[in-house]
Amino acid sequence: MKYINYYNGSTTYRIKKMDTSESKYDRKSELEAFDDTKAGVKGLVDAGLSKVPQIFISPPNTSTNNSNPTTGQFIFPVIDLEAINYNQINRKKVVEEVRDASETWGFFQVINHGIPSDVLEEMIRGARSFHEQDTEIKKQWYTREFTKKVVYNSNFDLYSAPATNWRDTFFCIMAPNPPSFEELPQICRDIIVKYSEEVKKLGRCLFELLAEALGLNTSHLKDMDCDKGLSVVCHYYPACPEPELTLGASKHADDGFLTLLLQDHIGGLQVLHNNRWVNVPPTPGALVVNIADLLQLISNDKFKSVEHRVLANRVGPRISVACFFSTFFLPSSRLYGPIKELLSEENPPEYRETTVHEYATYFTVKGLDGTSALQHFRR
Ligand SMILES: O=C(O)CCC(=O)C(=O)O
Ligand SMILES: [Fe+2]
């Protein structure tokens, strides 16, 4: 067994490193050693790692190379939201675009969404500054206790996923009951609060458009509390010395109702569309919107929660901020099943009812193992 020394500025850690000539390795101990550093993938990269450790190597059946990257053949939907307030005819056109994209892609980008570009830029900088601050300060938020409202760790599914992802994550639960200002990390607390307020407004607007796109009353999804819970999730994808061996994020669909994603200029997010991986172009000022599992469930499969992944990259870090509309952290007994108004004899319910908490717990325990959580709730 080989070891690498990792020095984080105050302590030297000894991390076991797999020699490829060894046929067996103790994965659990390697994961624990990595977890114990509390310095994430960034810590490994800062220590000057030149090879990807075994725990990160994707299983052979996961094609990590970008064999069929497609941007030209498919036009990734971009929806201009400016027109929704002009008049009913313009709003209807936007609703049609939202419906079409939600049914076919499960993903679209929005522009003229009302969040000023300096707020977007400041949010990217804030996310980066959290991860790049002194490790000793950052470590105080390192936890796997998901009852906490401010959490930093690397790979929420570290011990269950088949391969560890090349990314670190920090998140805050910002609605309905946000942490106090003092509980938020000082380095990014102003922008997290400001950005959350903007995202809540945009979220309300999107849920109204989505409800109309389903042929429901404008407030239907809001009345179901789809926009009630919000977590702001700041991902940090360090530069990777061997990007063909690992992934920034394994193939998965999201577990909430809706996700709003802000990404920097680097790219790497891909969406599975017609069985091909399609790049989601990093467009300055745009936000990526995707339908998540629970919206597919309540829409009875009309809207699609589509699988996506993030490639690792020699260039980095890549920063993204995903905002999840979900109340996974609230122990509510409210049941969600296919919306009655959408059902008929020809369109019977495809899913059983579940609580957000039950769904999210199943999703979290399963981890990003490449399979769909939604199937477990199918009738
Ligand atoms: O970083 C990205 O572009 C995507 C992140 C993502 O898929 C997620 O947080 O669920
Ligand atoms: Fe995702």
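Since every read-out is calculated from the coordinates, none of them should be taken as a lab result. Keep in mind it's a predicted model, so treat the numbers as computed, not measured. No Cβ is skipped: glycine too gets one built from the backbone with ideal geometry, and neighbour counts run over all protein chains shown.
For the stretch 70-377, the alpha carbon convex hull comes to 134 Å³ per residue, rounded to a whole number.
Rounded to the nearest 20, the Cβ-based charge dipole of the stretch 188-274 about its Cα centre (Lys and Arg +1, Asp and Glu -1) stands at 200 debye. The tail of the calculated P(r) for the stretch 165-224 beyond 18 Å holds 51 percent of all Cα-Cα pairs.
Model label points for Arg27 and Lys222, set 7 angstrom from Cα along the Cα-to-Cβ axis, are 4.6 nm apart.
Estimated at 0.36 nm per residue, the fully extended path between Glu353 and Asp190 surpasses their Cα-Cα distance by 54.8 nm. In the stretch 197-239, which residues have a backbone nitrogen under 19 Å from the label point lying 7 Å from Glu341's Cα in the Cα-to-Cβ direction? Only 204-228 fall inside the zone, counting backbone N under 19 Å.
If you add up the charges near Pro349, with Lys and Arg at +1 and Asp and Glu at -1, over every other residue whose beta carbon is less than 14 angstrom from its beta carbon, what do you get?
-1
With 30 Å as the limit, the listed pairs Lys138/Lys222; Lys222/Lys302; Lys139/Lys366; Lys38/Lys228; Lys42/Lys149; Lys42/Lys228 have Lys138/Lys222; Lys38/Lys228; Lys42/Lys228 beyond it between alpha carbons.
My understanding is that a pair violates if its Cα-Cα distance is over 27 Å; which of Lys194/Lys340; Lys92/Lys340; Lys201/Lys304 do that in this structure? Exceeds cut-off: Lys194/Lys340. If a spin label sat at a point 7 angstrom from the Cα of Gln133 along the line to its beta carbon, no backbone N atom of the stretch 144-177 would be nearer than 11 Å. Here Lys51 and Ile89 are evaluated by their C-beta separation; at R0 = 56 Å the FRET efficiency comes out at 0.45. A simple spin-label model places the labels of Ser332 and Phe74 3.2 nm from each other, with each point 7 Å out along Cα-to-Cβ.
Could you give me the percent of Cα pairs per 5 Å distance bin for the stretch 169-289, shortest bin first, beginning at zero and ending with the bin that holds the maximum distance? Histogram of Cα-Cα distances, whole percents per bin: 2, 8, 16, 18, 18, 17, 11, 5, 2, 0, 0. For the stretch 83-199, the C-alpha radius of gyration divided by 2.2 N^0.38 Å, with N the number of residues, is 1.36.
Note on the stretch 231-379: along the principal axes its Cα atoms extend 52, 34, 31 Å, ordered by decreasing extent.
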